[in-house]
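Below is one structure, written out as structure tokens; comments come after it.
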Number of protein chains: 2
Amino acid sequence: MVTPPNSALFTDQYELTMLQASLHSGAAHRRCVFEAFARRLPAGRRYGVVAGTGRLLEELAGFRFDDAQLAFLGDHRIVDDTTLAWLAGFRFSGSISGYAEGEAYFPNSPILTVESTFAEACILETLILSILNHDSAIASAASRMTGAAAGRPCIEMGSRRTHEESAVAAARAAIIGGFASTSNLEAGRRYGVPTVGTAAHSFTLLHDSEREAFEAQVAALGRSTSLLVDTYDVEQGVRTAVEVAGPELGAVRLDSGDLVAQARWVRELLDDLGNDTTKIVVTSDLDEFAIGLLASAPVDSYGVGTSLVTGSGAPTAGMVYKLVSRQDDGGTFVAVAKAAKNKASVGGHKHALRRLDEHGTAQAEIVGIGITPASDGNDRPLVQQFVKDGVVLPGWTGPEAVARAAERHAQSIAELPGAVRRLQRGEPVIPTEYEEAAS
Amino acid sequence: MVTPPNSALFTDQYELTMLQASLHSGAAHRRCVFEAFARRLPAGRRYGVVAGTGRLLEELAGFRFDDAQLAFLGDHRIVDDTTLAWLAGFRFSGSISGYAEGEAYFPNSPILTVESTFAEACILETLILSILNHDSAIASAASRMTGAAAGRPCIEMGSRRTHEESAVAAARAAIIGGFASTSNLEAGRRYGVPTVGTAAHSFTLLHDSEREAFEAQVAALGRSTSLLVDTYDVEQGVRTAVEVAGPELGAVRLDSGDLVAQARWVRELLDDLGNDTTKIVVTSDLDEFAIGLLASAPVDSYGVGTSLVTGSGAPTAGMVYKLVSRQDDGGTFVAVAKAAKNKASVGGHKHALRRLDEHGTAQAEIVGIGITPASDGNDRPLVQQFVKDGVVLPGWTGPEAVARAAERHAQSIAELPGAVRRLQRGEPVIPTEYEEAAS
């Protein structure tokens, strides 16, 4: 596994000033329950997909206030010496549970729960939300795209349209959301996901003719390569590609124009030329709607860039991280929640399960407030434990976790009502219902 | 300066397969000119703001294929041994020029130009675009917000709504776009930008009463702190804040509800209580339009999160990186461009200046194709040299470059016609005009 950078200052300053003030008042040591959840899904979305938890658990190990971090905080007088001393000794010793990566989620699903002292949970806020909000936004978009692709492979190629590190995380989230591969090499290195890519227009333009470029590519990469045929004239490009590579040509890529019409006549042309096993890859500002429109066209795979890495209109999942329960001086846990207008929260430690009918189809997201909701036996518990008393439990990190999350995602979607695959705006495909202990 | 991680695999695989194929054909060694530009601005935007160049130049130093990178590429047979050997020895030896950070840009402005062999320029594509597309999107959104704020300070606090590394870059870009400070501590450490922050609702909820929380905060952080007053009841919150901190209370923060109405009566209440120097900070899903609507309210500063870090509707700048000119076998440079439908480009090495009238107001973006456009003396040249023969020139990197870019941004915006500050959708505030050598 690749060691992530020190993540301790991926933190909003107020977390450390709150730490200082709570160390001063003594409340820093109260046991707390913090919860990450989304008040709502992005407008019109029917479900969300959890991603990022594995990255979070990996970065938790690098969340250390080393000399460089402490010197910055001290030199700029961001916190006092008592706080610096506490930070220097910080190792997360609490517990973290929540929805596994790949799982579908709904409004108010308790996606991540952190149990520790206030001090320990408070300073993780920004790291937790940055990772979950970004990665879940991408996985949610990816899931809609792979749904629309209905089994045809989707290739993630959006690195250039997002921050260079986001690109790596986006490729990881795309795989969780059902993508088959990525163009991003660092994602391949870190997470063991399949990488692909052959050539761009610049390669054709570099050579004195399209034929010379194709000959160079086939000579270097073999006949099974994918040739980009739309630099000049698509029909001529296809004919030249077949002449150069012969019947073993792996694929042609179309990156402009009316892709539906083009894919049809390019397919016919390839077949007429005897290249009936040569595949057609399409790229060019695809999103889930464009993919849906291409369902009837003879396309073999979709390369998706911009709209994937920008969450297809919802670039952040909008999750928040709230204190929902804390001890009082007597050690009793008290549910707490902000009362502010338009941002009210539900206090209390949450537990959740997915209510299934007798056919195994999801009916509702049941969230228990302070209790584990009663299950009828078909229901599926949703909360997994990731960290116990500071120790990250095995199975939730590394490349294996990505592969497992992709499988889990497919199962989670298959369990939801069929309307989950509708791209039109609508309500969440299942409702969220609360259960409380009888008082 | 903080050492960035090895950036060599922030790269789409096709760059390395093109490298392999061009090494095989020999064309890899042809001198080339690649250009990064945006075919259009995001829908309705009147200008864009360049950002990221400094980060790119910093990461260029870490773009090295070390053992770990080479082992990955070799083990997965992504490229052949000849290509691995070339990559092992790679040091960028070409030249890079373009628009300085903070500068406004328009459709087809030649924002970055790379001159080198095909091999060297080709493999930088993804890193260049990732950085410029992300950072420019954020700086462009930031600029609209600071314009709407009309001198009131804007605070960047969006870290939690974007990838943890994007968050650092977003804070940097926000400062370039005119923001006064950020909540992101890593941005403070890397780029020397001012950081701020005091407390969240969880701090109030942690304590047994709002009064106890305020007392703890004031005891630890001083009377000049900012108290968040909307956890329970805003009026009571303000009264308690003033009782606890007295007339020296620095600020109150409002994070929910109707901010315009609330700011008015909170201002009156503060004044009535004798706290006429206590400031009002507003946060809560602000964007440039919300900031504009708050212009008439007695607000002292704006905290902006989600909509800043997601580019306020345009999360990527949509720049592309295209081969525009290359040598032929005789050593003569030939302008090249893709002819594909809906994505045609203009070939040729570009030069640019901003045409100014006698009052110093910008009239047009003049792009010379293969020539430096004729200037009437008022016009301002736009292209700066950043890298010469592999050496990064001084002044374009580090914290100093950020501060200088923020100044440049203010000057660049001041030079544009007044319509630049209109938030409504419209055309670019100046047109882009091409000049070519007489043939």
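Filter the range B:145-183 down to residues that are of a type in the set (S, T, N, Q) and more than 29 Å from A:Val168 (Cα to Cα), then give me how many there are.
Number of matching residues: 1.
Go through (1) at pLDDT 95 or above; (2) out of contact with any Phe, Trp or Tyr (no Cβ under 8 Å at 6 or more places or on another chain); (3) among the basic types (Lys, Arg) for A:Lys343 and report which single condition fails.
A:Lys343 satisfies all of (1) at pLDDT 95 or above; (2) out of contact with any Phe, Trp or Tyr (no Cβ under 8 Å at 6 or more places or on another chain); (3) among the basic types (Lys, Arg) except (1).
Quick one: how many residues across the range B:110-150 are surrounded by 24 or more Cβ atoms within 10 Å (Cβ to Cβ), farther than 22 Å from A:Ala200 by Cβ and touching a strand residue (DSSP E or B) at 6+ places or on another chain (Cβ under 8 Å)?
6
Which helices (runs of 4 or more DSSP H) sit wholly inside the range B:128-229 and have at least 1 residues that are at the interface with another protein chain (Cβ under 9 Å from one of its Cβ atoms) and acidic (Asp, Glu)?
Working: elements: B:164-176, B:185-191, B:201-206, B:210-221.
Correct list: B:164-176, B:185-191, B:210-221.
Look through B:Ala100, B:Ala71 and report the one residue that is among the aliphatic types (A, V, I, L, M) and either closer than 30 Å to B:Gly188 by Cα or touching a strand residue (DSSP E or B) at 6+ places or on another chain (Cβ under 6 Å) (or both).
Exactly one residue qualifies, and that residue is B:Ala100.
Exactly one of (1) within 30 Å of A:Phe90 (Cα to Cα); (2) touching a strand residue (DSSP E or B) at 6+ places or on another chain (Cβ under 8 Å); (3) loosely packed, with under 15 Cβ neighbours inside 10 Å is unmet by A:Glu400. Its number?
Tallying (1) within 30 Å of A:Phe90 (Cα to Cα); (2) touching a strand residue (DSSP E or B) at 6+ places or on another chain (Cβ under 8 Å); (3) loosely packed, with under 15 Cβ neighbours inside 10 Å, A:Glu400 fails exactly one: (2).
Name the one entry in A:His359, A:His351 that is within 26 Å of the chain's Cα centre (by Cα) and of a type outside the set (A, V, I, L, M, F, W, C).
Going through A:His359, A:His351 in turn, the sole match is A:His351.
Looking at this structure, is B:Ser307 of a type in the set (Gly, Ala, Ser), under 20 Å from the mean Cα position of the chain (by Cα) and within 14 Å of B:Ile155 (Cβ to Cβ)?
It is true that B:Ser307 is of a type in the set (Gly, Ala, Ser), under 20 Å from the mean Cα position of the chain (by Cα) and within 14 Å of B:Ile155 (Cβ to Cβ).
Being surrounded by 19 or more Cβ atoms within 10 Å (Cβ to Cβ) and assigned by TED's automatic domain parsing to the domain that holds A:Leu112 narrows it down to one residue among A:Val387, A:Val392; which is it?
None of the other options fit; the residue is A:Val387.
Going through the range A:178-214 one residue at a time, which ones are touching a Lys or Arg at 6+ places or on another chain (Cβ under 7 Å) and aromatic (Phe, Trp, Tyr)?
Within the range A:178-214, A:Tyr191 is the sole residue that qualifies.
Identify the residue in the range B:80-104 that is of a type outside the set (Asp, Glu) and buried (at least 23 other Cβ atoms within 10 Å of the Cβ) and, among all such residues, is farthest from the chain's Cα centre (by Cα).
Filtering the range B:80-104 for residues that are of a type outside the set (Asp, Glu) and buried (at least 23 other Cβ atoms within 10 Å of the Cβ), the one farthest from the chain's Cα centre (by Cα) comes out as B:Thr83.
Checking the conditions here, which among A:Val346, A:Val383, A:Val324 is touching a Cys at 6+ places or on another chain (Cβ under 9 Å), over 30 Å from A:Glu164 (Cα atoms) and of a type in the set (A, V, I, L, M)?
It is A:Val324.
Being in contact with an Asp or Glu (Cβ under 7 Å, 6 or more places away or on another chain), crowded, with 23+ Cβ neighbours inside 10 Å and of a type in the set (Val, Ile, Thr), is that true of even one residue in the range A:234-244?
No.
Taking the condition modelled with pLDDT of 95 or more, within 12 Å of another protein chain (Cβ to nearest Cβ), in contact with a helix residue (DSSP H, G or I) (Cβ under 7 Å, 6 or more places away or on another chain) and under 30 Å from B:Glu248 (Cα atoms), does B:Gly311 pass?
No; evaluated as a whole, the condition is false for this residue.
Are any residues in the range B:50-62 closer than 27 Å to B:Ser325 by Cβ, away from every other protein chain (no Cβ under 11 Å) and surrounded by 21 or more Cβ atoms within 10 Å (Cβ to Cβ), and if so, which ones?
Taking the range B:50-62 first, the residues closer than 27 Å to B:Ser325 by Cβ are B:50-57, B:59-61.
Within this subset, residues satisfying the condition of being away from every other protein chain (no Cβ under 11 Å) are B:50-51, B:53-54, B:57, B:60-61.
Within the range B:50-62, B:Val50, B:Ala51, B:Thr53, B:Gly54, B:Leu60 qualify.
Within the range A:233-287, restricting attention to residues that are within 14 Å of another protein chain (Cβ to nearest Cβ) and hydroxyl-bearing (Ser, Thr, Tyr), which residue is farthest from A:Leu423 (Cα to Cα)?
A:Ser256
Please note which strands (runs of 3 or more DSSP E) are completely contained in the range A:249-345 and include at least 2 residues that are closer than 30 Å to A:Gly48 by Cα, among the basic types (Lys, Arg) and in contact (Cβ under 8 Å) with a residue 24 or more places away in the chain.
In the range A:249-345, the matching strands (runs of 3 or more DSSP E) lie at A:319-327.
The values are calculated or read from the model by the stated rules, or taken from the named source; none is laboratory data. Note that the coordinates shown come from a computational prediction; the quantities given were computed from them, not determined experimentally. Positions of Cβ are generated from backbone atoms using ideal geometry, with glycine treated the same way; all protein chains shown enter the neighbour counts.
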